[in-house]
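The values are calculated or read from the model by the stated rules, or taken from the named source; none is laboratory data. Since the model is a prediction, treat every value here as computed from it, not as a measurement. Here the Cβ is made from the backbone with ideal geometry for all residues, glycine too, and neighbour counts use every protein chain on show.
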Amino acid sequence: RKEVEQDPGPFNVPEGATVAFNCTYSNSASQSFFWYRQDCRKEPKLLMSVYSSGNEDGRFTAQLNRASQYISLLIRDSKLSDSATYLCVVNQAGTALIFGKGTTLSVSS
Amino acid sequence: EAGVAQSPRYKIIEKRQSVAFWCNPISGHATLYWYQQILGQGPKLLIQFQNNGVVDDSQLPKDRFSAERLKGVDSTLKIQPAKLEDSAVYLCASSLGDTIYFGEGSWLTVV
C-alpha cells in the first residue's frame, strides 16, 4: 500500500463548480498534513496546511480525519486559474515530506 | 528574498553518461532535500541533509546516485551511469521549520 494515495483524476469541471479531492495516508504516526499545488512544468508550492479542526482559506477548505487517516480539499467557485495538479502531502516530525501522486484539475469556461 | 537556485535547468544525456546537478538553498535554511519527480507522479525523496549531515538517504539508489553538501550550504547530486528510467525532474528544496520551498527543478532526459 502506498503511503499517500490520491485519485489522479483528471477532474474536468466548469467555472463556478465546487470540486473535492480526497487523500488517504497509511502511516498513523503522520503528524503534519498539507496540500501543495503544482502548475504544469513548475515546482510544487504550498497551498495550505491541514489541521484537525479543519481550516479555510478563501475558496479553499481543508479537512483532516485522523481516525480514518483521510484528508480532503474542497474548492468552491472554481476559477480557470485553479487548473493545476493538487498534491496531498504528509510527514512525521523531523522527516521529509511524503507526496501523493497528485490530482489533476482542469477548469473550463 | 532569493529562492532555491538550481542548475542546469535542462540536460539531455545518453544512457551510461554522467550528470551533476547543483543546488543553492535559501540563505539560513539548515535542511536541504533532493526529490525526484517522474512525469505523472508526485515527488519522491532521494536524500535529506541537515546542515552537512545526511538525515535520510534510504531511497537513494546508491549504486548510481550520490549527493553531498560539504559546507552545509549548497549541494550537488550526481548520477553515474545514467539509465533511461532516470529521466525526471530533480527538485531541490530547503526548509527552516515546517515550510519547505522548492527550486524550479533540473529537467533530465536520458536517451
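Considered as a group, the residues in region A:50-62 that are at pLDDT 95 or above and surrounded by 14 or more Cβ atoms within 10 Å (Cβ to Cβ) include one that is farthest from A:Cys23 (Cα to Cα), and that residue is A:Phe60.
Checking A:Leu73, A:Leu47 one by one, the residue that is within 28 Å of B:Leu39 (Cβ to Cβ), modelled with pLDDT of 95 or more and away from chain B (no Cβ under 13 Å) is A:Leu73 and no other. Hey, any hits in region A:11-22 for a residue that's out of contact with any Lys or Arg (no Cβ under 8 Å at 6 or more places or on another chain), away from chain B (no Cβ under 13 Å) and crowded, with 20+ Cβ neighbours inside 10 Å? Yes - at least one qualifying residue is present in region A:11-22. Among residues of region B:90-107 being surrounded by 21 or more Cβ atoms within 10 Å (Cβ to Cβ) and among the hydrophobic types (A, V, I, L, M, F, W, C), the one that is nearest to the other protein chains (Cβ to nearest Cβ) is B:Phe102. Filtering region A:50-65 down to residues that are within 30 Å of B:Tyr90 (Cβ to Cβ) and in contact with a Leu (Cβ under 6 Å, 6 or more places away or on another chain), which residue is nearest to the other protein chains (Cβ to nearest Cβ)? Step by step, filter region A:50-65, then rank; the result is A:Val50. Counting only residues that are loosely packed, with under 14 Cβ neighbours inside 10 Å and modelled with pLDDT of 95 or more, region B:18-34 holds 1 of them.
The one condition from (1) closer than 18 Å to A:Phe99 by Cβ; (2) more than 14 Å from every other protein chain (Cβ to nearest Cβ) that B:Pro43 does not meet is (2). With the condition kept exactly as written, say whether any residue in region A:82-94 is part of a strand (DSSP E or B), at pLDDT 95 or above and more than 24 Å from B:Leu46 (Cα to Cα). Within region A:82-94 (the criterion being part of a strand (DSSP E or B), at pLDDT 95 or above and more than 24 Å from B:Leu46 (Cα to Cα)), the answer is yes, since at least one residue qualifies. When A:Leu97, A:Leu105 are checked against the criterion of being within 11 Å of another protein chain (Cβ to nearest Cβ), surrounded by 13 or more Cβ atoms within 10 Å (Cβ to Cβ) and out of contact with any Lys or Arg (no Cβ under 7 Å at 6 or more places or on another chain), A:Leu97 stands alone in meeting it.
Residues considered: B:Ile38, B:Ile13. Of these, the only one that is within 13 Å of chain A (Cβ to nearest Cβ), over 23 Å from A:Ala93 (Cα atoms) and surrounded by 13 or more Cβ atoms within 10 Å (Cβ to Cβ) is B:Ile38. Of the residues making up region A:26-40, one or more are in a loop (DSSP other than H, G, I, E, B) and over 19 Å from A:Tyr70 (Cα atoms).
Condition check ((1) surrounded by 17 or more Cβ atoms within 10 Å (Cβ to Cβ); (2) more than 10 Å from chain A (Cβ to nearest Cβ); (3) out of contact with any Lys or Arg (no Cβ under 7 Å at 6 or more places or on another chain)) across all residues:
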site	(1), (2), (3)
B:Gln48	yes, no, yes
B:Leu60	yes, yes, yes
B:Arg69	yes, yes, yes
B:Val110	yes, yes, no
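Can you find a residue that is part of a strand (DSSP E or B) and under 22 Å from A:Ser109 (Cβ atoms) anywhere in region A:58-69? Among the residues of region A:58-69, at least one is part of a strand (DSSP E or B) and under 22 Å from A:Ser109 (Cβ atoms), which makes the answer yes.
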